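Every read-out reported here was derived from the displayed coordinates using simple, explicitly stated rules and does not represent laboratory data. The structure displayed is predicted, hence computed values, not measured ones. When we count neighbours, we look across all protein chains shown, and the Cβ atoms used for this are built from the backbone with ideal geometry, even at glycine.
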Amino acid sequence: MKKLTNKEKEIMDLYWEHGPMFVRELQEHYPDPKPHFNTLSTLVRLLEKNGFLSHRQFGNTYQYFPVVSEKDYGRSSLAGVIRNYFDNSYLSAVSSFLKEEKVSVDELRELLEKIEKENK
């Protein structure tokens, strides 16, 4: 799955939070000064082209909605980080977190217990 730019992620966050919207409704969720309608429209169409959004037609306007869940995007992003920075090794990734003390041994034990419970 393609990685979202910051602006694309900002738009997807709004769709994930609020559900289906017309571009005009999307624009209303931004603080002033709001992004230009044409700018948002272009980004939304790009997100649709890249498979993140789809639309329903109402007359001559479109209501867009997410087709990729936030959870699925998060998983693919993590997989990309592990593939690109840890030579596709989850063990290397976890080992790195342990070395950097981002994860304690107790947290690792807790994670193992959780995994073992889920696999039973």
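Provide the per-residue ³J(HN,Hα) series for segment 107-116, in order, calculated from phi with Karplus coefficients 6.51, -1.76, 1.60 and θ = phi - 60°, each as a whole number of Hz, with x at glycine and proline positions.
Calculated HN-Hα couplings, in order: 5, 5, 4, 4, 5, 4, 4, 4, 5, 4 Hz.
Kindly state, as a whole number, the per residue volume in cubic angstrom of the convex hull around the alpha carbon atoms of the chain.
Numbers: hull volume 18.9 nm³, N = 120.
Hull volume normalised by residue count: 157 Å³.
Put +1 on the Cβ of every Lys and Arg and -1 on every Asp and Glu Cβ in the chain; which of Y62, V81, N119 then has its Cα farthest towards the positive end of the dipole?
My answer, from the dipole projection, is Y62.
If you take every residue apart from Y62 with its C-beta less than 15 Å away from the C-beta of Y62, what net charge results, scoring Lys and Arg +1 and Asp and Glu -1? Kindly include the intermediate steps, with their values, before the conclusion.
On the way: positive: R24, R45, K49, R56; negative: E25, E48.
Charge balance near Y62 sits at +2.
In degrees from 0 to 90, rounded to the nearest 10, what is the angle of the helix 6-18 Cα long axis to the longest principal axis of the chain?
Roughly 80 degrees, rounded to the nearest 10.
Loop only by DSSP, 11 or fewer other Cβ within 10 Å of the Cβ. Give me the GluC sites (Glu not before Pro) in segment 49-120 that pass, ordered by residue number.
Working: sites: E70, E100, E101, E107, E110, E113, E116, E118; in loops: E100, E101.
Hits after loop and neighbour filter: E100, E101.
What does the charge add up to near L46, with Lys and Arg as +1, Asp and Glu as -1, over the other residues with Cβ less than 12 Å from its Cβ?
Working: positive: K2, K7, R45, K49; negative: E8, E48.
So the environment of L46 carries a net charge of +2.
For helix 90-99, what angle does its Cα long axis make with the longest principal axis of the chain, in degrees from 0 to 90 and rounded to 10?
Approximately 70 degrees, to the nearest 10.
Could you state the number of Å between the C-alpha centres of segment 36-70 and segment 1-27?
First find each Cα centre; the distance between them is then 8 Å.
Around K117, with a cut-off of 15 angstrom between Cβ atoms, what is the net charge of the other residues, counting Lys and Arg +1 and Asp and Glu -1? Let's see the in-between values first.
Numbers: positive: R109, K114, K120; negative: E110, E113, E116, E118.
Result for the local shell: -1.
Relative to the present Cα-Cα distance, how much length would full extension add between F37 and S54 at 0.36 nm per residue of separation? Intermediate results must be reported in sequence, preceding the final value.
Details: separation 17, 0.36 × 17 = 6.12 nm, distance 1.82 nm.
Value of the extension gain: 4.3 nm.
Within straight cross-link reach of K120, meaning Cα distance under 19 Å, which aspartates and glutamates are found once same-chain residues fewer than 8 apart are removed?
Within the straight-line limit of under 19 Å, K120 reaches these aspartates and glutamates: E110.
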